[in-house]
Amino acid sequence: MTEQSPPTVAAAAPITQAPITQDVLTIPRKLPEGGKVNLVGLTREQLRAALVEAGTPEWQAKMREGQVWQWIYHWGVRDFAGMTNLAKDYRALLDTHFEIALPEVVTRQVSADGTRKYLLRIAGGHEVEAVYIPEETRGTLCISSQVGCTLTCSFCHTGTQKLVRNLTAGEIVGQVLVARDDLGEWPEPGAPKDETRLVSNVVLMGMGEPLYNFENVRDAMKVVMDGEGLSLSRRRITLSTSGIVPEIARTAEEIGCLLAVSFHATTDEVRDRLVPVNKKWNIQTLLGALREYPKLSNSERITFEYVMLKGVNDSDEDAKRLVKLIRGIPAKINLIPFNEWPGAPYERSDWERIEAFADIVYKAGYASPIRTPRGEDIMAACGQLKSATERARKSKREIEAETRA
Ligand code: SAH
Ligand code: SF4
């Protein structure tokens, strides 16, 4: 089947005029009451400085930092009383100044295929989602970097959410801790070391554009990669971006994780419509940054994500153009069957079309896995995330009032 299906996108014309960023309500973060500083998400340097400020003698600071770090990230301890190698009065001191706080789990849904979706509440009453996807040889946790997203990709549910705020590093790390709590994945003191990892990989592919929240994402990943804690190697972390070119080199240098890019189209005309940020950094500019990435980060392949939209970007010509464009970049092409959401202006490409596309890419020498949608029954699949519950329960005015309080 080489014929292209007729376009089904009635809304194509208005989308062409879509702004790069939407008209959003950016919410300031409401600081927790009581003044306790949350230790989760602080980098080692920040943790040490906080301990000193609370009265830890300078000469002990390095040791205390290491001890507290291990309790939180290696043992999964959530209160200072449990930090048994610290003197009682030091534990009390910590307790007066600090807390170890995670996002609150509002709901936890388990799909028929084992995928778990967590709806999490963070400071200010806002909600984000994290999704755990178990596979035979690994378990991937998909985490969010923002509440909503300022960008307006026309096929993405998150991009229609009008409330946006950056997550703190603590809220990003907190998603990993919540999943490990739920899966019961903390070592037992004294028990033989268990090398199997339930959360073996982390992908920044949930809600939000991670490169528009660079510092917090970077600090959070530093915590997640630290060898005395969660200890996930940088090759087990993948950051997905819609193509924020100025931050790509920084990602290589300051995080060093694997990179995925939401490519989705082979001409600027179509990419402008699907990923409007392309109007700012077009395909050639993006490819230039991607060519540098493997050298800078010393990492292997870049993952090109390509959502399959019926009659929009799924022709044989697209497949051929795609392999031509990325020539010379070590790459894998991840074909994502479009996941539908209520009111979406696109349809998923037919299965034979996706396979024909994959075949062309594969024959050109690139791995071209077709991503099996996971957790569709609980709206946990790629691009379906949006804290619908937040919007259903509260009006915009209520949320605004709450954040001002
Ligand atoms: N903002 C980042 C990361 C979050 S989106 C980015 O855009 O890369 C994670 C992935 O899901 C992206 O590749 C995105 O294009 C894809 N996606 C969004 N909506 C989708 C949908 N409805 N169906 C399938 N994939 C979708
Ligand atoms: Fe934002 Fe990514 Fe969705 Fe685009 S695809 S709107 S960048 S979350």
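The values are calculated or read from the model by the stated rules, or taken from the named source; none is laboratory data. Note that the structure is predicted; figures quoted are calculated from it, not measured. Don't worry about glycine lacking a Cβ; one is built from the backbone with ideal geometry, like all the others, and counts go over all protein chains shown. Side chains are part of the model used for accessible areas, which takes the heavy atoms of the whole protein and leaves out ligands, DNA and RNA. Shrake-Rupley method; radii C 1.70, N 1.55, O 1.52, S 1.80 Å.
Say whether the condition of being modelled with pLDDT of 95 or more, open to solvent by 10 Å² or more (accessible area, probe 1.4 Å) and closer than 30 Å to residue 23 by Cα is met by at least one residue in the stretch 74-93. So far as the stretch 74-93 goes, no, none of its residues is modelled with pLDDT of 95 or more, open to solvent by 10 Å² or more (accessible area, probe 1.4 Å) and closer than 30 Å to residue 23 by Cα. Pairs are defined by a Cβ separation below 6 Å, a sequence spacing of at least 6 or placement on different chains, a first member in the stretch 193-219 that is closer than 18 Å to residue 140 by Cβ and more than 16 Å from ligand 2 (Cβ to nearest atom), and a second member that is at pLDDT below 95 and of a type in the set (D, E, K, R); the pairs so defined are 198/185; 200/138; 201/138. Evaluate the following for residue 127: is it within 16 Å of ligand 2 (Cβ to nearest atom), in contact (Cβ under 8 Å) with a residue 24 or more places away in the chain and among the charged types (D, E, K, R)? The answer is yes for residue 127.
To keep it simple, each residue is scored yes or no on (1) more than 20 Å from residue 216 (Cβ to Cβ); (2) within 16 Å of ligand 2 (Cβ to nearest atom); (3) out of contact with any helix residue (DSSP H, G or I) (no Cβ under 6 Å at 6 or more places or on another chain); (4) basic (Lys, Arg).
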residue	(1), (2), (3), (4)
104	no, no, yes, no
110	yes, no, yes, no
116	yes, no, yes, yes
160	yes, yes, yes, no
164	no, yes, yes, no
173	no, no, no, no
177	no, no, yes, no
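Could you please find all residues in the stretch 138-157 being within 12 Å of ligand 2 (Cβ to nearest atom), β-branched (Val, Ile, Thr) and surrounded by fewer than 24 Cβ atoms within 10 Å (Cβ to Cβ)? Selection gives 150, 152. Beta carbons closer than 6 Å, at least 6 apart along the sequence or on distinct chains, pair a first residue in the stretch 146-160 that is in a loop (DSSP other than H, G, I, E, B) with a second that is of a type outside the set (A, V, I, L, M, F, W, C) and within 8 Å of ligand 2 (Cβ to nearest atom) for 149/158; 149/159; 149/208; 149/209; 152/159; 153/159; 156/383; 157/383. Residues in the stretch 239-262 that are within 10 Å of ligand 1 (Cβ to nearest atom) and among the hydroxyl-bearing types (Ser, Thr, Tyr): 240, 241, 242, 262.
Do we have residue 64 as closer than 23 Å to residue 189 by Cβ and touching a Ser or Thr at 6+ places or on another chain (Cβ under 8 Å) here? In short, yes. Among the residues of the stretch 252-272, those that are open to solvent by less than 40 Å² (accessible area, probe 1.4 Å), of a type outside the set (A, V, I, L, M, F, W, C) and modelled with pLDDT of 95 or more comprise 262, 264, 266, 271.
If you check residue 361 against the conditions, is it open to solvent by less than 40 Å² (accessible area, probe 1.4 Å), modelled with pLDDT of 95 or more and within 16 Å of ligand 2 (Cβ to nearest atom)?
Values: open to solvent by less than 40 Å² (accessible area, probe 1.4 Å): yes; modelled with pLDDT of 95 or more: yes; within 16 Å of ligand 2 (Cβ to nearest atom): no.
Spelling it out, it is not the case that residue 361 is open to solvent by less than 40 Å² (accessible area, probe 1.4 Å), modelled with pLDDT of 95 or more and within 16 Å of ligand 2 (Cβ to nearest atom).
Among the listed residues 133, 122, identify the single one that is touching a helix residue (DSSP H, G or I) at 6+ places or on another chain (Cβ under 6 Å) and touching a residue at least 40 places away in the same chain (Cβ under 8 Å).
Numbers: 133 fails: touching a helix residue (DSSP H, G or I) at 6+ places or on another chain (Cβ under 6 Å).
Testing whether each residue is touching a helix residue (DSSP H, G or I) at 6+ places or on another chain (Cβ under 6 Å) and touching a residue at least 40 places away in the same chain (Cβ under 8 Å) leaves just 122.
Scan the stretch 320-376 residue by residue and report those that are out of contact with any helix residue (DSSP H, G or I) (no Cβ under 9 Å at 6 or more places or on another chain) and under 19 Å from residue 302 (Cβ atoms). 321, 324, 327, 332, 334, 336, 362, 371, listed by residue number.
In the condition set (1) away from ligand 2 (no atom under 16 Å from the Cβ); (2) surrounded by fewer than 23 Cβ atoms within 10 Å (Cβ to Cβ); (3) under 15 Å from the mean Cα position of the chain (by Cα), residue 238 is compliant with all but (1).
Beta carbons closer than 6 Å, at least 6 apart along the sequence or on distinct chains, pair a first residue in the stretch 34-49 that is assigned to a loop (DSSP other than H, G, I, E, B) with a second that is aromatic (Phe, Trp, Tyr) and at pLDDT 95 or above for 36/98; 39/98.
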